[in-house]
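Input: a single structure, listed below in structure tokens.
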Amino acid sequence: MLLNRADESTRPESELVSRGGIVLDTVAGRPPAGAPATHGFNLVEVDGPRARVLTWDGVALRTTELEPGTHMIAHDDVDDPATPRIARWLGDFRSTVPATEGRWWMPWVEVLERSAALPPTDDGAIIRDNRPYGYPTLSLLACVASVSADDVDVHYGELTRPGEWGGLDLT
């Protein structure tokens, strides 16, 4: 899974390429290395029981190995307390126990639904509409994943209307 992030690159736009191929390259065994010629990103990789995040901020490419537990990532670092929505909601996600069978992710969706009580322009909101701040970005989807030594279970769902809560069907 790839998330765009702001970067500190001083490269001109003419030297940058789309981030679109990064996931496909990684799946093919060619993860980003060196100084990618793209804007910043957070790339979540899962390989067996291991999960990590590769972060490119336009200056340095870093790797964060994810310890067992619940993590949250947005457009900054993993579990970054300086990111208002992570500071506000990570504790709620961590204290919410997934169901043991069936749609195990639904307790997390309930936290996401509670978060939607905030306006989508609030810094603590998870479902976002950044257009009033001059960024043409809106929340489009949610993704949950459970990674264990034996299995990876990933579910994804698109919001009915970008930047607005209207329920979520993760398939």
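On the stretch given as segment 49-70, residues that are in contact with a Leu (Cβ under 8 Å, 6 or more places away or on another chain) and assigned to a loop (DSSP other than H, G, I, E, B) total 1.
Just the residues that are assigned to a loop (DSSP other than H, G, I, E, B), closer than 23 Å to residue 69 by Cβ and within 14 Å of the chain's Cα centre (by Cα), please, taken from segment 120-146. Quick ask: steps written out before the conclusion?
Restricting attention to segment 120-146, the residues satisfying the condition of being assigned to a loop (DSSP other than H, G, I, E, B) are 120-128, 130, 134-137, 139-140.
Filter once more, so that each one left must be closer than 23 Å to residue 69 by Cβ: 124, 126.
The answer is 126, and nothing else.
Regarding residue 123, is this residue touching a helix residue (DSSP H, G or I) at 6+ places or on another chain (Cβ under 7 Å) and modelled with pLDDT of 95 or more?
Details: touching a helix residue (DSSP H, G or I) at 6+ places or on another chain (Cβ under 7 Å): yes; modelled with pLDDT of 95 or more: no.
No; evaluated as a whole, the condition is false for this residue.
Among the conditions (1) touching a residue at least 24 places away in the same chain (Cβ under 8 Å); (2) crowded, with 16+ Cβ neighbours inside 10 Å, the only one that residue 93 does not satisfy is (1). In segment 42-67, the residues that are small (Gly, Ala, Ser) reach residues that are part of a strand (DSSP E or B) with C-beta atoms within less than 6 angstrom, at least six apart or across chains, in these pairs: 51/147.
Condition first: assigned to a strand (DSSP E or B) and of a type in the set (Val, Ile, Thr). Now tell me which residues in segment 6-48 satisfy that. 44, 46 - these are the residues of segment 6-48 that are assigned to a strand (DSSP E or B) and of a type in the set (Val, Ile, Thr).
Assess whether residue 168 counts as being assigned to a loop (DSSP other than H, G, I, E, B) and surrounded by 12 or more Cβ atoms within 10 Å (Cβ to Cβ). Steps first, answer last, please.
Values: assigned to a loop (DSSP other than H, G, I, E, B): yes; surrounded by 12 or more Cβ atoms within 10 Å (Cβ to Cβ): yes.
Against the criterion (assigned to a loop (DSSP other than H, G, I, E, B) and surrounded by 12 or more Cβ atoms within 10 Å (Cβ to Cβ)), residue 168 qualifies.
So for segment 62-82 (the condition being more than 24 Å from residue 125 (Cα to Cα), surrounded by fewer than 17 Cβ atoms within 10 Å (Cβ to Cβ) and at pLDDT below 95), does at least one residue qualify? Scanning segment 62-82, I find at least one residue that is more than 24 Å from residue 125 (Cα to Cα), surrounded by fewer than 17 Cβ atoms within 10 Å (Cβ to Cβ) and at pLDDT below 95, so the answer is yes.
Regarding segment 86-107, can at least one residue be identified that is within 16 Å of residue 144 (Cβ to Cβ), of a type in the set (D, E, K, R) and modelled with pLDDT of 95 or more? Yes, segment 86-107 contains at least one residue that is within 16 Å of residue 144 (Cβ to Cβ), of a type in the set (D, E, K, R) and modelled with pLDDT of 95 or more. When you go through (1) part of a loop (DSSP other than H, G, I, E, B); (2) surrounded by 15 or more Cβ atoms within 10 Å (Cβ to Cβ) one by one for residue 112, which number turns out not to apply? Against the list (1) part of a loop (DSSP other than H, G, I, E, B); (2) surrounded by 15 or more Cβ atoms within 10 Å (Cβ to Cβ), residue 112 comes up short only on (1).
Looking at segment 147-164, I want the residues that are outside the structural domain of residue 47 (by TED's automatic domain parsing) and in a loop (DSSP other than H, G, I, E, B) and have a partner that is of a type in the set (Gly, Ala, Ser) and surrounded by 14 or more Cβ atoms within 10 Å (Cβ to Cβ) with Cβ atoms under 7 Å, at least 6 apart or on another chain. Which pairs are those? Close Cβ pairs (under 7 Å, with a partner that is of a type in the set (Gly, Ala, Ser) and surrounded by 14 or more Cβ atoms within 10 Å (Cβ to Cβ)) amount to 159/139; 162/139; 163/139.
The values are calculated or read from the model by the stated rules, or taken from the named source; none is laboratory data. Being a predicted model, the structure only gives us computed values, none of them experimental. Ideal geometry is used to build each Cβ from the backbone, glycine not excepted, and the neighbour counts take in all protein chains shown.
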